[in-house]
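Asks: Dropping the structure in here first, questions after.
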Amino acid sequence: MIVVPVDGEGVDVTLFGRVIRAWTTCPTSGRWMFVGAVPLVALAASTAATSSAHGALLAASGLALLLAALVDRHEFRLPNGLVAVAGVAALVAAVSTSTSGHGAAPLAGALAGGAICGAAMLGIHLRRGVGMGDVKTSAVVGMGCGSVAVIAAPVALAIAATVAALTGSITRRQRLAMGPSFVAGWVCALASAGWWSA
């Protein structure tokens, strides 16, 4: 017998259930945006990667971030499980690149990028500007981008902040899900990785 955890209203609260619920309640335009973002994530990862393994692991990290953003858009809460998967994939991507003849730079860059982005968002969190999930996710974004070039990490965070600000201005909403903005920053920074790593 399989027991599925439910909340007080009988709603499936497993990670899989949260993703499915976010997908089914998402408007059609949001679903198309999600589907369109999948190849962009893969393309950005392969463009920035120093090897096929690095690209595959970066893409896995990006896809986990994308699923987390889908849930965040629905719940205004980034799921720890998906953020952890994205973080592990980003870290393994950096380690695999460091051990395949690229020296310690990718791993050092990932750790530095994660620290820079995480610390920046932690400062905002302490002023009650964002949730702790946003802090963790920004660190993961920084790790993935930092494994390519350290400077790409704060660039990704700056792009995410800009996208969030523009979204808030256009929609006139006070409360925003930051997940989609983090994915936009991740994709843009990695897609332009040639500028940062040159």
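The values are calculated or read from the model by the stated rules, or taken from the named source; none is laboratory data. Because the structure is predicted, anything quoted here is derived from the model rather than measured. Methodologically, a virtual Cβ is constructed for each residue, glycine included, from the backbone with ideal geometry; neighbour enumeration extends over all protein chains shown.
Asks: Just name the residue that is farthest from Ser29 (Cα to Cα) out of those in the stretch 67-97 that are small (Gly, Ala, Ser) and surrounded by fewer than 19 Cβ atoms within 10 Å (Cβ to Cβ).
Replies: Ranking the candidates gives Ala84 first.
Asks: Return yes or no: is Arg21 charged (D, E, K, R), assigned to a helix (DSSP H, G or I) and surrounded by fewer than 22 Cβ atoms within 10 Å (Cβ to Cβ)?
Replies: Judged against the criteria, Arg21 is a match.
Asks: Okay, next question. Please work out which one of (1) touching a helix residue (DSSP H, G or I) at 6+ places or on another chain (Cβ under 6 Å); (2) closer than 25 Å to Leu176 by Cβ; (3) assigned to a loop (DSSP other than H, G, I, E, B) is the condition Leu66 fails and give its number.
Replies: Leu66 satisfies every listed condition except (3).
To keep it simple, each residue is scored yes or no on (1) surrounded by fewer than 24 Cβ atoms within 10 Å (Cβ to Cβ); (2) closer than 24 Å to Leu40 by Cα.
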{"residue": "Gly113", "(1), (2)": "no, yes"}
{"residue": "Gly131", "(1), (2)": "yes, no"}
{"residue": "Lys136", "(1), (2)": "yes, yes"}
{"residue": "Met143", "(1), (2)": "no, yes"}
{"residue": "Ser147", "(1), (2)": "no, yes"}
{"residue": "Ala152", "(1), (2)": "no, yes"}
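Asks: Looking only at the stretch 134-166, how many residues end up being in contact with a helix residue (DSSP H, G or I) (Cβ under 7 Å, 6 or more places away or on another chain) and not in a loop (DSSP other than H, G, I, E, B)?
Replies: Residues meeting the conditions: 23.
Asks: Being at pLDDT below 90 and of a type in the set (Gly, Ala, Ser), is that true of even one residue in the stretch 107-128?
Replies: Taking every residue of the stretch 107-128 in turn, none turns out to be at pLDDT below 90 and of a type in the set (Gly, Ala, Ser).
Asks: A further question follows. Being buried (at least 19 other Cβ atoms within 10 Å of the Cβ) and either under 20 Å from Leu107 (Cβ atoms) or touching a strand residue (DSSP E or B) at 6+ places or on another chain (Cβ under 6 Å) (or both) is the filter; apply it to the stretch 42-54 and report the residue that is modelled with the lowest pLDDT.
Replies: Thr50
Asks: Would you call Leu67 of a type outside the set (S, T, N, Q), at pLDDT 95 or above and within 25 Å of Met132 (Cα to Cα)?
Replies: So Leu67 fits the description; yes.
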